[in-house]
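What follows is a set of notes on a single structure, which appears directly below.
The values are calculated or read from the model by the stated rules, or taken from the named source; none is laboratory data. Note that the structure is a prediction, hence the values are computed from the model and not measured. Cβ placement follows ideal geometry from the backbone for every residue including glycine, while neighbour counts extend to all protein chains displayed.
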Amino acid sequence: MIKKKYFSILVITFCSLLMIVSCQDSVTLNKPTNLGITNYSFDGTEGDPITLEVATRWIGNYTSKNSGRINAHFFGQQTLKNALAKTGCMGIRFYYALDDSANSKVLFIGADAKGQNLLPIASVVGKRSPIDIKSSSTIALRATEGALISSDISNRWTSAYVKTNQAGIWAHFFGHEILNQILAEKDCIGIRAYHALNDSGVQQLLLFGVSSSGSNLLPASLNARVESDNTIADLSFPCPSLCSGS
C-alpha cells in the first residue's frame, strides 16, 4: 500500500490557503520562493488514488467554469521514466504555464527528497490532449510525447501563469510510487493530466494512465480506490506552499 501522509496534507493545505492569499511574488523554476514551509521532505509516497466518481465530478467542475479552455495534457511514458530515473529523484512536480501566445501548458521537472528541482533544470512540456475522461479516442499516441524546453522558456512561461493566478496553485508534486504504479498498468504508454476543481473550488491536477489509442485507462468500478486496479492519482503536494528553492 502507498504510505499516507494525511496529517502533512492537512498542514500543507492550511498553510497554502494562508500563503496564496497574501503572496505577490512570482515563482520561477530557478528562483522560486518557499512561502512559509522551508523544512520539509519528500519520500516518494506523495499522492493517493481517487475514485472515478469523484474525478469525474471534479473535472466537470473545472470544465463548467472554463468553457473552451484546454483541460488536459499528455506526457509519454518514456519522458516520465527518464525523469524518474535520475539520481535522487523522489517524484515529479507538474507546473501550470502560459506560453508566449498565452496558451495553457503543463510542464514537469523531477524533484529530490528536499523538494528541490533536479539540476540541470530543463522542463518537459506536455502535448495538449483534451478528451472526455470516459470517451474512446482514435488519436494514436506514442510513449515519447513531451518536448524538452530550456530553463529560460520554462521560467518565462511559469512566471506568466503566476502573474495571472496570484491566488491559485502553481504546481503539484507527485511521488514516484504512484507515478510508477500508473505507468505499470497494462497497455499504459503515458499519463494524461487533467485540470480539476474539488467541491470547495480548490484547483487540482488529476493523473490518468493512457493507452496507445489515446483512451484513458479507467478503474473498473466507479468507486474503486484499490491499487490492483487502474489508478487515478490525486492528493498531490502543492506549490504554494511546497515549492523548489533551487
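Applying the set (1) part of a loop (DSSP other than H, G, I, E, B); (2) modelled with pLDDT under 50; (3) under 20 Å from residue 232 (Cα atoms) to residue 70 leaves exactly one unmet item: (2).
For the stretch 16-33, state whether one or more residues are modelled with pLDDT under 95, in a loop (DSSP other than H, G, I, E, B), over 15 Å from the mean Cα position of the chain (by Cα) and over 21 Å from residue 242 (Cβ atoms). Among the residues of the stretch 16-33, not one is modelled with pLDDT under 95, in a loop (DSSP other than H, G, I, E, B), over 15 Å from the mean Cα position of the chain (by Cα) and over 21 Å from residue 242 (Cβ atoms), which makes the answer no. Pairs meeting the criteria (first residue in the stretch 57-72 and closer than 10 Å to residue 132 by Cα, second residue among the aromatic types (Phe, Trp, Tyr), beta carbons under 8 Å, at least 6 apart or on different chains) are 59/194; 71/62; 71/194; 72/194. A search for C-beta distances below 6 Å between a residue of the stretch 150-161 that is touching a residue at least 12 places away in the same chain (Cβ under 8 Å) and assigned to a helix (DSSP H, G or I) and any residue that is crowded, with 17+ Cβ neighbours inside 10 Å and polar (S, T, N, Q), counting only pairs 6+ apart in sequence or on different chains, returns 154/123; 155/28; 158/28; 159/26; 159/28. Just one of the listed residues (158, 164) is out of contact with any Asp or Glu (no Cβ under 8 Å at 6 or more places or on another chain), surrounded by 14 or more Cβ atoms within 10 Å (Cβ to Cβ) and either at pLDDT below 95 or over 21 Å from residue 78 (Cα atoms) (or both), and it is 158.
Just a yes or no: is a residue in the stretch 196-210 farther than 21 Å from residue 64 by Cα and either touching a helix residue (DSSP H, G or I) at 6+ places or on another chain (Cβ under 8 Å) or among the polar types (S, T, N, Q) (or both)? Yes, because at least one residue in the stretch 196-210 is farther than 21 Å from residue 64 by Cα and either touching a helix residue (DSSP H, G or I) at 6+ places or on another chain (Cβ under 8 Å) or among the polar types (S, T, N, Q) (or both).
Take residue 184 and tell me if it is farther than 25 Å from residue 119 by Cα, surrounded by fewer than 17 Cβ atoms within 10 Å (Cβ to Cβ) and modelled with pLDDT of 95 or more. So residue 184 fits the description; yes. The set of residues in the stretch 124-149 that are at pLDDT below 90 and either among the polar types (S, T, N, Q) or touching a Lys or Arg at 6+ places or on another chain (Cβ under 6 Å) (or both) comprises 129, 135, 136, 137, 138.
Set side by side, the residues 132, 100, 112 differ, and just one is of a type in the set (Asp, Glu), surrounded by fewer than 21 Cβ atoms within 10 Å (Cβ to Cβ), over 22 Å from residue 242 (Cα atoms) and touching a residue at least 12 places away in the same chain (Cβ under 8 Å), which is 100. Number of residues in the stretch 162-200 that are more than 14 Å from residue 59 (Cβ to Cβ) and touching a residue at least 40 places away in the same chain (Cβ under 8 Å): the value is 27.
Based on what the data block shows, is residue 207 in a strand (DSSP E or B), under 19 Å from residue 44 (Cβ atoms) and of a type outside the set (S, T, N, Q)? It is true that residue 207 is in a strand (DSSP E or B), under 19 Å from residue 44 (Cβ atoms) and of a type outside the set (S, T, N, Q). Listed conditions (1) touching a Lys or Arg at 6+ places or on another chain (Cβ under 7 Å); (2) buried (at least 24 other Cβ atoms within 10 Å of the Cβ) are all met by residue 194, apart from (1).
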